[in-house]
Amino acid sequence: MTRPPHWLVRVVERAGIAPGVSVEVPADTAIRDAWPVVSRAFGISEDELARRVADYYRLQAADFRLADPNAALALPEAMSRKYHVFPMLQEDRQLVVATCDPTDVEMERAVGFSSGRTAVFQVASPSAIQEALDGRFSPSRQVESLLGSLDDGEVGADAVSLVEEMGPEEVSESDADATPVIRLTNLIISDGIAQGASDIHIEPGRNGGAVRYRVDGVLRKHMDLPMSALNRVISRIKILSKLDIADRLRPQDGKARVRIRSLHYDLRVSTLPAAGSEKCVIRVLDSSAGLTLDDLDLPKVELDRLRGLLTHRDGIVVITGPTGSGKTTTLYGALREMADGQINIMTVEDPIEYDLPAITQTQVETRQGVTFGSALRAILRQDPDVILVGEIRDRETAEVAAQAAMTGHLVLATVHANDAVAAVARLADMGLPFGTIAQTLRGALAQRLMRRVCSACAESVRGQLTPEEQRLTERHGMEPVVRAVGCQECGFTGYRGRLPVVEVMAAGPRFQAAVEQRKGHATLSRVAEQGGMRTMHEVALEHVSAGKTTLVEAERVLGQALEEEPEEKSEGPPRALVVDDDADARLLSRSLLERDGFEVDEAVDGLEALDVLKRDPSYSLVILDLEMPGMEGREVLTHIRGSVTTAALPVLIHTGTGTDEDEAALLDAGADDYVTKATDSTRLMARVRAVLRRAV
């Protein structure tokens, strides 16, 4: 007797495909084995065969692109694999599943019982169902599929290897099975380094994750990742950096040294719980780079001023700027220049970003009690000449650094401040007395990094300016020389590489005197510029005029710091505001000041005075009484010193009452001088002129 054919053969024969072709597939052949045999024998694809089966049984062919991701949760993975089905869509009473055997009654009953819904079939080939199952439940295969869609070149499982000093890496069987995950991780790291990324961000999202690179200070998207692949890539990175892969509920920090194409790189890894998963950021440090100050492309004026600061043999030199502005690179360049073998240079850092030859470097380890302050105290017993403090961030570190500076050591440090002059206020905020700051601070450098226009695609600005260029030209009084375009070499950003924008403040005698007198930021800035400091605004415009970057980029980096500088005040008489509730006292002060060439305005009480200053803060002097209705003079002084627009405004206290204690308290609160109304007019005007001289 002839054995009956497999139902799949009957479906194809009745569809009239390849008449005359005879295929013997027994009826009891497993459907997953029969499907490829029938497909090859009749010369049709498995997807075409699925459509024929769907038509025969009056069903739909499955389109996995339309599958609801949440539907897969309606069945256990084990059952989906056992019956080789994939849930496509779930409704209140129905569960649509893709199957390659719509005749399987047992499967239909099991799906209905497990899901609590009526099973509705769509038809797909066994290989298509297997691919969907692996994509949903097997991240390793999903990663392998992702790799197939990427151009990974020659990046293999050994393209990124740990340097021997980190110790051998233990690889379990599960890790060995995850070779695609290793390749994908290596691809992400090596691509980031090839593109010049300073940081690699691996970020989870609601429906998937993303990999972004920070190139030239700007984040750019590199690829999307399914969450299952993202979680395994982060676990791989945690293995490299010796972190606990089982702990996803706490932030972790680690490091690794890797070798890529015979070059060594240090990776600083940080993980943070986010969106039900983890975010991972990798800081990439080229440990083979040995940049000196000459390699940093600093403007010559600022380079010479910085080198002048480094010639001091005591005191503090600070570098300010936001995270990622190149502070550490500049400091390391300075240390390499100073390390001539004749002086003892020691550092305390968190973390140690680069290994420096002939320099002793100490890593902060808070858990072991090694803080900036404690390490700095220990370093002072090691006969140092130059000390680098990675960051002055608290009062203890600031006080020990000042002590070191006053005992014959040069201290280099970073602080977080907006510009060079603001370093004074930052040190004061951490508890250093102004007298100590004036005595120890030798200078400060503020730094930002601007993107350099791509040499391959930048074009000269000719003809009509764009609206943005026109707006910036009107603001800054200069036209841009080049325009960023974008090409493949620069990732279509128009920029490639970065250049520093710096201002170098040298603390000369006049600056030190102004600090000791607690002058405000505006006065200190004016004194620093009179001492030769060029602002970051001036340096940025110099780069623009040299064709190295654009006005658009300069404004992006400096923001409000690049606002048009105020025009020089036209020559004219100084202006004074007399604040006194006594009309006779106001009249006397007005007559004396006007006789000396002043323009004078009056306010009858403290509230009116603050209102006047809010509208027009450009006075040369305020003469302030103490006892007034509404708001007394002490409170007015506090408001004046607390406002950015009036912090540097000279204030002379002129009162009919008061004691020596009042005088001392008011001078400590920021008054520039103090005289009583019993003082004769000659001495009063002498005090006025002295206050104005000190304010210059």
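What follows is calculated from the coordinates using simple rules that are stated; it is not laboratory data. Just so it is clear, the model here is predicted, and its values are computed rather than measured. Glycine also receives a Cβ, built like all others from the backbone with ideal geometry; neighbour counts cover every protein chain displayed.
For the chain, compute Rh as the Kirkwood radius over C-alpha pairs and then the Stokes-Einstein diffusion coefficient at 25 °C and 0.890 mPa s; write the answer in µm²/s, rounded to an integer.
The Stokes-Einstein estimate is 77 µm²/s.
Output wanted: per-residue J couplings in Hz (rounded whole) for the range 59-76, from phi through Karplus 6.51 cos²θ - 1.76 cosθ + 1.60, θ = phi - 60°, x for Gly and Pro.
Per-residue couplings from phi come out as 10, 9, 7, 6, 10, 5, 5, 9, 5, 7, x, 6, 5, 4, 6, 6, 10, x Hz.
Dipole of the chain (Lys/Arg Cβ +1, Asp/Glu Cβ -1, origin at the Cα centre): which of SER39, HIS201, VAL600 lies farthest to the positive side?
SER39
Using only helices, what value at 222 nm comes out for the chain when you add -39,500 (n - 2.57) per DSSP H run of length 4 or more and divide by the total residues, to the nearest 500 deg cm²/dmol?
The helix-only estimate for the chain comes to -11500 deg cm²/dmol at 222 nm.
Relative contact order of the range 7-137, please, whole-number percent, based on alpha carbon pairs below 8 angstrom and at least 6 residues apart.
Here the relative contact order equals 24 percent.
Express in nm, to one decimal, how much length is gained between THR407 and SER262 on full extension, taking 0.36 nm for each residue of separation and deducting their alpha carbon distance.
Extra length from THR407 to SER262 when fully extended: 47.7 nm.
With labels modelled as points extended 7 Å from the Cα through the Cβ direction, what inter-label distance (nm, one decimal) is found for MET79 paired with GLU608?
8.6 nm
Report the FRET efficiency, 1/(1 + (r/R0)^6), for ASP134 and LEU219, where r is their Cβ-Cβ distance and R0 is 30 Å, rounded to 0.05.
After rounding to 0.05, the efficiency reads 0.40.
Of VAL502, GLY443, GLN122, which is farthest on the positive side of the dipole of the chain, counting Cα position, with +1 on Lys and Arg Cβ, -1 on Asp and Glu Cβ, and the Cα centre as origin?
Of VAL502, GLY443, GLN122, it is GLN122.
Take ARG556 and CYS487, extend 7 Å from each Cα along the Cα→Cβ direction, and tell me the distance between the two endpoints in nm.
Placing both labels 7 Å beyond Cα along the Cβ direction yields 1.8 nm.
Enumerate cysteines in the chain without a disulfide-compatible partner, where compatibility requires another Cys Cβ under 4.7 angstrom.
CYS100, CYS280
Compute the long axis of helix 395-406 from its Cα atoms, compare it with the longest principal axis of the Cα atoms of the chain, and write down the angle in degrees, 0 to 90, nearest 10.
Once rounded, the angle reads 50 degrees.
Using amide H atoms built 1.01 Å from N in the peptide plane, name the residues 5+ places from ALA417, or on other chains, whose amide H lies under 5 Å from its own.
Excluding prolines and chain starts, which carry no amide H, the hits are GLY321.
Pulled fully out, how much extra length does the chain show between ASP596 and ARG381, if you take 0.36 nm times their separation in residues and subtract their Cα-Cα distance?
Additional length available on full extension: 71.5 nm.
Given the chain, what percent of its DSSP beta bridges are antiparallel, to the nearest 5?
55 percent
Measuring from centroid to centroid over Cα atoms, what is the spacing of the range 329-353 and the range 13-64 in Å?
Between the Cα centres of the range 329-353 and the range 13-64 lies a distance of 73 Å.
For ALA30 and GLN60, calculate 0.36 nm times their separation in residues minus their Cα-Cα distance, and state this gained length in nm to one decimal.
8.6 nm
Can you give the angle from 0 to 90° between the axis of helix 300-310 and the longest principal axis of the chain, with both taken from C-alpha atoms, to the nearest 10?
Between the helix axis and the principal axis of the chain, the angle is about 70 degrees.
Round to the nearest 0.05 the FRET efficiency obtained for GLN517 and THR657 when R0 = 35 Å and r is the Cβ-Cβ distance.
Computed FRET efficiency for GLN517 and THR657: 0.90.
For the chain: lysine pairs with Cα atoms under 17 Å, gap of 8 or more or different chains, count?
Eligible lysine pairs with Cα atoms under 17 Å apart amount to 7.
What are the extents of the Cα atoms of the range 7-137 along their three principal axes, listed from largest to smallest and rounded to whole Å?
46, 26, 24
Please list the radius of gyration and Dmax for the range 575-695, considering alpha-carbon atoms only, with Å as the unit.
Over the range 575-695's Cα set, Rg and Dmax evaluate to 12.8, 34 Å.
Say R0 is 25 Å: what FRET efficiency, to the nearest 0.05, do ASP355 and THR179 get from their beta-carbon distance?
My answer for the efficiency is 0.20.
Amide H of LEU621: which non-local residues (sequence gap of 5 or more, or other chain) have their own amide H closer than 5 Å, using H built in the peptide plane?
ARG575, LEU577
Can you give me the angle between helix 536-545 and the longest principal axis of the chain, using Cα atoms only, in degrees from 0 to 90, rounded to the nearest 10?
On a 0 to 90 degree scale, this one is about 60.
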